[in-house]
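Starting off with a structure, shown below.
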Amino acid sequence: MKKPKMTLKPMLVATLLVASPFLAHADALQALKGFVAEVKSGTAQFTQTVSSPDGKKKKTSSGTFDFQRPDQFRFVYTKPFQQTIVGDGQKVWIYDPDLNQASSRKMDKALGATPAALLAGTNLDRDFTLKALPSENGVDWVQATPKQADGGLQSLKIGFRGKELDAIDVVDGFGQRSLLQFSSVNTNVPMPADKFRFVLPSGADLIEQ
C-alpha cells in the first residue's frame, strides 16, 4: 500500500502576562522580528501533528529541521515514514526514499507564503501581514496573513516561548490543521557547505515542475 504523503503546504513571566496582555502581544511580534534579524541559521527537532477538519483523525510524524538564511532549509521526516524536503535557495526538492522518487520546483514558486518562508526567509513584511495574538499556555503567537491570496491556506501562526521558536500552526484550504512543535532548538550554528545541497540518489525518478 502506498503510504500517505506528508505535505508541507518558518514570554513574559506569568505575572506580566496577567497584568499586561498588551505587552505580551507586542513581545510576540518583537520575538518574530528578532528571530528573523538575529538568527541566521539553526537546527531543531520537530513533531508534526496533522488533524482532520473535525479534529477526530490525527497523524503524527517527527524528524529534524535545519535552516540558513536566505531561503535554505532541510526538513527530514524520520517517523513513521521517511521523506526529505530541501530548499537550496534556487529550488525546493522533495524526496521519497520508499518510492525512490524526487520532485523539484523553483524556489519563487514553491516558497511564497509558507511556513518555510517564515522560518528561513528574510523579508516577512513583503509576504505577510503580521498581527500579535493572545498568549496561550506560555506561548506568544503571531498570525501571518499572506499578502497575496492563497486558496491553499486558511491561517498561519508562529509561536515563541520568550525568544525561542516553539511552534508553527497551519490550517489549509480544506480545514486540515498541521501543528509543528519544535524542541532542542540551536541557533546561529555553523552549517556544512553541502547541508542544503540535494543530490538525486542513483536510479531515482525526477519530476520537475
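Values quoted throughout were computed directly from the atomic coordinates according to the rules given, and no laboratory measurement underlies them. This is a predicted model, so every value here is computed, not measured. Cβ: placed from backbone, ideal geometry, glycine included. Neighbour counts: every protein chain shown.
Sorted by mean Cβ packing within 10 Å, highest first, what order do the peptides 189-197, 85-93 take?
Values: 189-197: 11.8, 85-93: 19.8.
Top to bottom by mean Cβ count within 10 Å: 85-93, 189-197.
For segment 40-199, just the Cα set please: Rg and Dmax, both in angstrom.
When restricted to Cα atoms, segment 40-199 yields Rg and Dmax of 15.4, 44 Å.
Taking the Cα centre as origin and putting +1 on Lys and Arg beta-carbons and -1 on Asp and Glu beta-carbons, what dipole magnitude results for segment 40-199, to the nearest 20 debye? Don't skip to the end; give the middle numbers.
Values: 21 positive and 17 negative charges, 19 e Å.
My answer is approximately 100 debye.
Also, quick follow-up: Starting from the 7 Å offset along Cα-to-Cβ, what nm value, one decimal, do you get for the label separation of Lys163 and Val189?
1.8 nm
Here is a further query. Please state the shape class of segment 60-110: rounded when a/c is under 1.5, otherwise prolate if a/b exceeds b/c and oblate if not, all from the C-alpha gyration tensor.
Details: a/c = 2.94, a/b = 1.39, b/c = 2.11.
In terms of gyration-tensor shape, oblate.
Placing +1 on the Cβ of each Lys and Arg and -1 on the Cβ of each Asp and Glu in segment 47-109, which of Pro80, Gln90, Val50 has its Cα farthest towards the positive end of the resulting dipole?
Value computed over the given set: Val50.
If you don't mind, another one. Kindly identify segment 88-172 as rounded, prolate or oblate by the Cα gyration tensor criterion: order the square roots of the eigenvalues as a ≥ b ≥ c, call it rounded if a/c is under 1.5, otherwise compare a/b with b/c, prolate if a/b is larger, else oblate.
On the way: a/c = 2.14, a/b = 1.65, b/c = 1.30.
It comes out prolate by the Cα gyration axes.
So what is the relative contact order for segment 40-199, in percent, with contacts set as C-alpha pairs under 8 Å and at least six apart? Before the final figure, lay out each step's value.
Numbers: 351 pairs, mean separation 39.2, N = 160.
Relative contact order, segment 40-199: 25 percent.
Could you work out the relative contact order of segment 67-141? I mean the mean sequence separation of Cα pairs under 8 Å and 6+ apart, divided by the number of residues, in percent. Kindly include the intermediate steps, with their values, before the conclusion.
Numbers: 103 pairs, mean separation 17.8, N = 75.
For segment 67-141, the relative contact order is 24 percent.
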